[in-house]
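What follows is one structure encoded as structure tokens, with my remarks underneath.
The values are calculated or read from the model by the stated rules, or taken from the named source; none is laboratory data. The structure displayed is predicted, hence computed values, not measured ones. Ideal geometry is used to build each Cβ from the backbone, glycine not excepted, and the neighbour counts take in all protein chains shown.
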Amino acid sequence: MSTPITFYDIATKPPVEKTCCSPNPWKTRLALNFKNLPYTTKWVPLPDITKVRTSLNMPACRKFADGTDFYTLPIIEDTATNSTIGDSFDIAAYLQRTYPDSGADLFPAQKLDYVFNCGPAAIPLTECRESEYPEYAKFNVNVDAAFTAHVLLAIGRFPFDPATAEVSKAEFVRRAGLSRWEDFNVTGEAREKVKESFREALGGLAKIFKDGGPFVLGNRASYADLIIGGWLRMFHSTMPEGEWEEVRAWHGGLFGRLYDALEVYAKV
Ligand SMILES: N[C@@H](CCC(=O)N[C@@H](CS)C(=O)NCC(=O)O)C(=O)O
């Protein structure tokens, strides 16, 4: 059955429904499910994103450090309103604006006091733009920065689709200015350092949760949780299992409980 909404996500190793783990597309999947909206997923091979995005007339919303365009997913197309949107935050705002009565409110008013300070990312993030939900927009950028700063813990075990794995790995190596894929495998003491820094970053984030969670607002989920949840899906899928268990247990088990509480919105 066709649905008005088509959601473009990145194809990972088959079965893709079990391995998909790109954080920004995950924010969109969680948001679509949260809003109780039917949609059809199109899985795009990583090396085809530029072609697909361009064919949908979507400009890039990120740039590489050298200023060239970085074409990304998610994108949604909604034939009900003739709209195409190509940034996970814009998509969430669009869904709330267009379908206010479906599912629950993604953006209940709340203060989201979380700032993550780090040096410039190797690949710059999308800049915080004007939004009808400025508090959430700022939060999104800070959460992205916090997780991106520790993505080395995850990237080495990214479940590439074998059909395009070699090209994709070579591209990741090129972007990071490394010489070979194995350089992404951080181990031993160096890994422990990154983990400790990740634990601290999540500790800052844990402070904004009310009443011990599992959501930022306590017992009510909002897009703030889906932003964090999208990233948790990636780390869950890519960290060695023992490490993910550690992350789940940090800060009184808050992030494990959040991950579990979001399962109801995680249907692929
Ligand atoms: N600000 C954008 C960022 C999207 C983004 O960075 N997407 C990543 C996946 S999480 C991507 O498409 N990467 C493609 C690649 O690495 O080639 C959004 O929130 O949608």
* Residues within the range 182-199 that are closer than 21 Å to residue 65 by Cβ and modelled with pLDDT of 95 or more, tallied -> 1
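So that you can scan it fast, the table gives a plain yes or no per residue for (1) more than 21 Å from residue 107 (Cα to Cα); (2) of a type in the set (A, V, I, L, M, F, W, C); (3) modelled with pLDDT of 95 or more:
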| site | (1), (2), (3) |
| --- | --- |
| 226 | no, yes, yes |
| 232 | no, yes, yes |
| 235 | yes, yes, yes |
| 239 | yes, yes, yes |
| 243 | yes, no, yes |
| 247 | yes, yes, yes |
| 250 | yes, yes, yes |
| 258 | no, yes, yes |
| 265 | no, no, yes |
* Structure fact -> The residue that is surrounded by the fewest Cβ atoms within 10 Å (Cβ to Cβ), considering only those in the range 113-167 that are of a type in the set (Asp, Glu) and farther than 25 Å from residue 217 by Cα, is 127
* Among the residues of the range 41-53, write down those that are in a strand (DSSP E or B) and either farther than 15 Å from residue 77 by Cα or not aromatic (Phe, Trp, Tyr) (or both). => 41, 42, 44
* Structure fact -> Taking the range 53-74 and keeping only residues that are aliphatic (A, V, I, L, M) and either more than 20 Å from residue 230 (Cβ to Cβ) or near the ligand (Cβ under 10 Å from one of its atoms) (or both), one is left with 56, 60, 65, 73
* Asked: Taking the range 1-40 only, how many residues are assigned to a strand (DSSP E or B), within 15 Å of the chain's Cα centre (by Cα) and hydrophobic (A, V, I, L, M, F, W, C)?
  -> 2
* Within the range 111-138, restricting attention to residues that are within 17 Å of residue 69 (Cβ to Cβ) and of a type outside the set (A, V, I, L, M, F, W, C), which residue is farthest from the chain's Cα centre (by Cα)? -> 129
* Structure fact -> Given the conditions (1) within 16 Å of the ligand (Cβ to nearest atom); (2) under 20 Å from residue 130 (Cβ atoms); (3) not in a helix (DSSP H, G or I), every one holds for residue 94 apart from (3)
* Would you check which residues across the range 217-237 are within 18 Å of residue 144 (Cβ to Cβ), over 11 Å from the mean Cα position of the chain (by Cα) and either in a loop (DSSP other than H, G, I, E, B) or within 15 Å of the ligand (Cβ to nearest atom) (or both) and list them? => 222, 223, 224, 236, 237
